Each structure stands twice: as structure tokens, then as C-alpha cells.
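Peer 1: To start, I am sharing the structure in question, which I have written as C-alpha cells.
The values are calculated or read from the model by the stated rules, or taken from the named source; none is laboratory data. What you see is a predicted model, and the numbers here were worked out from it, not measured in a lab. With ideal geometry, Cβ positions are generated from the backbone for all residues, glycine too; neighbour counts draw on all protein chains shown.
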Amino acid sequence: MGLAERGRGLAELTRPVNSIAAGVLTFIGSFVAVKLTAGTAVGVWLNVTAAFVATVLATSAGNAINDYFDREIDRINDPDRPIPRGAVTPRAALWFSVGLFLLAVALVLAVLPVLAIAIAVVNLLALVTYTELFKGLPGVGNALVAYLGGSTFLFGGAAVGEVGPTVVLFLLAALSTLSREIIKDVEDVAGDREEGLNTLPIAIGEQRSLAVAVGLLVVAAVASPLPYFTDVFGVAYLAVVVPADLVMLYAGYESLSDPAAGQARLKYGMFLAAAAFVVGRATTLV
């Protein structure tokens with residue numbers, strides 16, 4: 001195996017699109033929470049940048065170590081992943097993950113405030129223990145991933161010392177992520193059953209799990225206008241979040257017959273919902 005293929009395999013382990021997307025969500029959390037003024041300190045922007053980079057590094061590390069622990073399952077569910085196809089050895093994937101985790105920790109400790117450090121410590125522990133301790137517990141692993149997805153906004157807010165404005169965003173993101181994770185588990189039933197995992201679809205059935213996922217999306221959609229009705233954001237936020245809700249609700253409906261297509265479409269709806277918060281915040285600055 002050549003160096004180029006090995007390097008490509010290591011890059012694939014990080015799932016770069018997902019890792020950068022997580023960093024963007026952290027940035028959104030900072031943007032929604034920060035109190036922008038003409039004299040906003042350079043240190044604030046340093047914190048925002050550090051939080052973005054640390055999120056990308058930590059998410060990359062979590063993805064890599066997840067591939068390490070899931071290498072046997074991936075031989076069934078996703079044989080083109082770097083470890084099953086032989087581009088990266090399990091040992092190399094493990095040490096690569098450790099290196100990324102250490103870089104993320106060093107950056108967080110060097111730059112960010114105490115609350116952001118606390119959130120980062122909890123999240124790093126969750127990322128490391130997810131596959132071995134929680135993934136196979138019905139609903140528990142899904143809830144942990146949902147927390148991690150939503151907490152990127154909390155982390156972004158904590159980085160600038162204003163976590164409060166991101167709480168609603170955290171809750172809505174967590175609900176949507178929980179729904180998507182359940183739908184994804186329905187896709188992966190064959191490999192998970194072969195590996196002896198007891199995921200929610202295996203424990204209660206695929207259709208019941210999909211019904212739970214759709215119910216969570218309905219709750220998130222109903223709750224999403226709260227920032228408008230509580231006068232946090234104006235009508236511009238509502239104009240973007242309503243289409244996002246419609247995309248996510250359609251994705252939930254689609255997942256009942258085609259989980260793969262449903263969870264893929266749901267991702268777009270979730271990013272559109274995050275964009276609604278950016279639009280809502282931006283219009284309050286005008």
C-alpha cells in the first residue's frame with residue numbers, strides 16, 4: 001500500500017465533510033451567542049477560531065476511533081471504509097485518533113474559558129467511550145450522539161462566554177440528530193445484529209423505531225418557532241426555519257419506506273435549520 005493511498009485512508013477516517021460541518025455548527029453557536037460591538041476584542045475572535053479548530057480535530061478523532069472499534073461491523077455494513085479495504089491498519093487508525101485528540105485538548109486548554117473546557121472534556125470522554133460502552137444499548141448510544149451533535153452549539157456559545165442563547169438551538173439540534181441516528185440504525189440492522197449489538201431497531205423493531213424517529217421530528221418542528229414567539233429573532237428566522245421544518249418532516253415520512261434516502265435528506269433539513277439561526281441573529285444586528 002503506497003503512501004498516497006495510506007494518506008487518503010487517514011483523511012477518510014476523519015470523515016472530513018462531517019468534521020468541518022461540526023466546526024461550522026460550533027461557529028454558528030458562537031455567532032448566535034456573541035455580543036458584537038465595534039470594539040469586540042481580538043481575544044473573542046481567537047476563542048471562536050480555537051473552538052472551530054478544536055471541534056474539527058475532536059470530531060475527526062472521534063470518527064477515526066469509531067472506525068477502529070467498528071472495523072468488524074464495517075466489513076459487513078461498509079466494506080469500502082479505509083480499515084476493511086486495507087488502506088489503514090487498525091493500529092495506525094488508533095494512534096492517528098489519539099494524536100488528533102491530543103491536539104484538540106491542547107488547543108482547548110491553551111485558549112478557551114472554563115465552561116468551554118468542561119464541555120470539551122465531557123464530549124471527548126463521550127467520543128472515546130461511545131462505541132465500546134454505549135452504541136449497543138437501545139436508544140442510549142443514539143441519545144449520546146444527539147447530545148454531541150447539539151453540544152457543538154453550546155461549545156460555541158461557551159467559547160465566547162454566552163452559552164444561554166444557544167440552549168434552544170442545542171435542544172432542537174439534539175432532537176433532530178436523535179431522529180437521524182435512529183433512522184441510520186435501521187439502515188445498519190444487518191451488520192449490528194451480526195456484531196451482537198442491541199440497537200433500538202433490533203430491540204423494538206424497525207417500524208416502531210422509525211415511528212419514534214418521526215415523532216421526534218414532529219416535536220422539533222413544533223418547537224422550532226419558539227425563538228420567534230419569544231422575540232429572540234424576527235420574521236426572517238421564521239421564513240427560513242419553516243422550510244427547514246418541511247424538509248425534515250418530509251424526510252421523516254420518506255424514511256418510513258426508504259430509511260437511507262430519509263436520513264440523507266434529513267441532514268439537509270438540519271443544516272437549513274442551523275442557517276435559520278444565523279439569519280435570525282444576523283438580522284438582529286441590522
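Peer 1: Could you list, ordered by first residue, the pairs with Cβ atoms under 7 Å in which the first is in segment 232-249 and part of a helix (DSSP H, G or I) and the second is among the basic types (Lys, Arg) and surrounded by 15 or more Cβ atoms within 10 Å (Cβ to Cβ), at least 6 apart or interchain?
Peer 2: The qualifying pairs are VAL247/ARG265.
Peer 1: Counting only residues that are at pLDDT 90 or above, crowded, with 16+ Cβ neighbours inside 10 Å and among the β-branched types (Val, Ile, Thr), give me the helices (runs of 4 or more DSSP H) lying completely in segment 22-107 with at least 1 of them.
Peer 2: Counting at least 1 such residues, we get 42-69, 82-85.
Peer 1: Name the residue that is surrounded by the fewest Cβ atoms within 10 Å (Cβ to Cβ), counting only residues in segment 187-205 that are touching a residue at least 24 places away in the same chain (Cβ under 8 Å), farther than 15 Å from ALA143 by Cα and not charged (D, E, K, R).
Peer 2: Taking the candidates together, the pick is GLY196.
Peer 1: Determine which member of the set ALA126, ALA116, ALA173 is touching a helix residue (DSSP H, G or I) at 6+ places or on another chain (Cβ under 7 Å) and within 27 Å of PRO225 (Cβ to Cβ).
Peer 2: None of the others qualify; the one that does is ALA173.
Peer 1: Kindly indicate whether any position in segment 144-161 is more than 26 Å from SER30 (Cβ to Cβ), modelled with pLDDT of 90 or more and surrounded by 15 or more Cβ atoms within 10 Å (Cβ to Cβ).
Peer 2: No: zero hits.
Peer 1: Could you check how many residues of segment 201-233 are touching an Asp or Glu at 6+ places or on another chain (Cβ under 9 Å) and either at pLDDT 95 or above or of a type in the set (A, V, I, L, M, F, W, C) (or both)?
Peer 2: 6
Peer 1: For segment 250-275, give me each residue that is in a helix (DSSP H, G or I) and of a type in the set (Gly, Ala, Ser). Before the answer, list the steps.
Peer 2: First, the residues of segment 250-275 that are in a helix (DSSP H, G or I): 250-255, 259-275.
Of everything in segment 250-275, those that are in a helix (DSSP H, G or I) and of a type in the set (Gly, Ala, Ser) turn out to be ALA251, GLY252, SER255, ALA260, ALA261, GLY262, ALA264, GLY269, ALA273, ALA274, ALA275.
Peer 1: I would also like to ask the following. Just checking, how many residues over segment 108-127 are hydrophobic (A, V, I, L, M, F, W, C) and in a loop (DSSP other than H, G, I, E, B)?
Peer 2: We begin by selecting, within segment 108-127, every residue hydrophobic (A, V, I, L, M, F, W, C); these are 108-112, 114-122, 124-127.
Checking which are in a loop (DSSP other than H, G, I, E, B) leaves us with 112.
Residues meeting the conditions: 1.
Peer 1: Could you tell me which of the residues LEU200, LEU238, LEU217 is more than 22 Å from SER30 (Cα to Cα) and in contact with a Pro (Cβ under 7 Å, 6 or more places away or on another chain)?
Peer 2: Values: LEU238 fails: more than 22 Å from SER30 (Cα to Cα); LEU217 fails: in contact with a Pro (Cβ under 7 Å, 6 or more places away or on another chain).
Going through LEU200, LEU238, LEU217 in turn, the sole match is LEU200.
Peer 1: I need a count of the residues in segment 201-226 that are farther than 12 Å from VAL186 by Cβ, over 19 Å from the mean Cα position of the chain (by Cα) and either assigned to a loop (DSSP other than H, G, I, E, B) or of a type in the set (Ser, Thr, Tyr) (or both).
Peer 2: Summing the residues that are farther than 12 Å from VAL186 by Cβ, over 19 Å from the mean Cα position of the chain (by Cα) and either assigned to a loop (DSSP other than H, G, I, E, B) or of a type in the set (Ser, Thr, Tyr) (or both) in segment 201-226 gives 1.
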